[in-house]
């Protein structure tokens, strides 16, 4: 008699329908994960500001660097824009461990596909792959909200992926507790035909404004640019000093005209 029969062991795929093909994580039998998380799981507090937008010269990704744990600042200089490969970046919002874990899985799967097929998958293909893997873990308490920014054979591309499997294509996305403030700046200044310098200024302005208004965002402002030749890290600037400088220059470098008494 086989040992697995003596121990009444079952293969992982027979234990739960939530397991993705890219992993082998098992879920204990007898547990209803959503109910368990609601009654026993810790209450997680999330806070960040990330954004990305597509324009004529590529895709801009920007984020603050403050990682918060409830009302505490866990790390003032974290990395919220993660390189996936030379032409693909991802912003991270949600639970830090979940985001890092799933980006590691995504990197591995894209690398394996590139070795099998002889070329890297498109940005849409990478977004669809991540969405499919996350979808099979819906209801298990994952918190991953990301914007995939890349350049492939079709040009610049931008996709939003959430941990319930949501997949959206668009030109402008902002995710996190500071996103309402960032959207206010982006909606006012974004247009597809802007220059590179205008895009840099807009991204810096949006994140700096969000860090000023949102208590869970802060630290520095990371700025990345995905171009046809690959991604480039443009700058990391202190968010407070950047906000002050933008205020002093009228945020867009425009001179204020004096008003008559």
Residues satisfying the stated conditions in the stretch 124-160, i.e. over 24 Å from residue 48 (Cα atoms) and either under 14 Å from the mean Cα position of the chain (by Cα) or assigned to a loop (DSSP other than H, G, I, E, B) (or both): 136, 153, 154
Residue 226 being crowded, with 23+ Cβ neighbours inside 10 Å, at pLDDT 95 or above, under 19 Å from residue 82 (Cβ atoms) and in contact with a strand residue (DSSP E or B) (Cβ under 6 Å, 6 or more places away or on another chain): yes
In the stretch 140-162, the residues that are out of contact with any helix residue (DSSP H, G or I) (no Cβ under 6 Å at 6 or more places or on another chain), free of Cβ contacts under 8 Å to residues at least 40 places away in the same chain and surrounded by 15 or more Cβ atoms within 10 Å (Cβ to Cβ): 160, 162
Cross-chain or 6+ apart pairs with Cβ under 9 Å, the stretch 117-139 first and over 15 Å from residue 105 (Cα atoms), then assigned to a loop (DSSP other than H, G, I, E, B) and at pLDDT below 85: 138/18; 139/18
Matching entry among 165, 253 (being at pLDDT below 95, in a loop (DSSP other than H, G, I, E, B) and surrounded by fewer than 15 Cβ atoms within 10 Å (Cβ to Cβ)): 253
Members of the stretch 92-121 that are assigned to a strand (DSSP E or B) and either surrounded by fewer than 19 Cβ atoms within 10 Å (Cβ to Cβ) or in contact with a helix residue (DSSP H, G or I) (Cβ under 9 Å, 6 or more places away or on another chain) (or both): 92, 93
For residue 174: the one exception among (1) surrounded by 14 or more Cβ atoms within 10 Å (Cβ to Cβ); (2) over 14 Å from the mean Cα position of the chain (by Cα); (3) at pLDDT 95 or above; (4) not in a helix (DSSP H, G or I): (2)
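The values are calculated or read from the model by the stated rules, or taken from the named source; none is laboratory data. It should be emphasised that the depicted structure is a prediction, and the values quoted were computed from it without experimental measurement. Please note: Cβ atoms are built from the backbone with ideal geometry, for glycine as well, and neighbour counts cover all protein chains shown.
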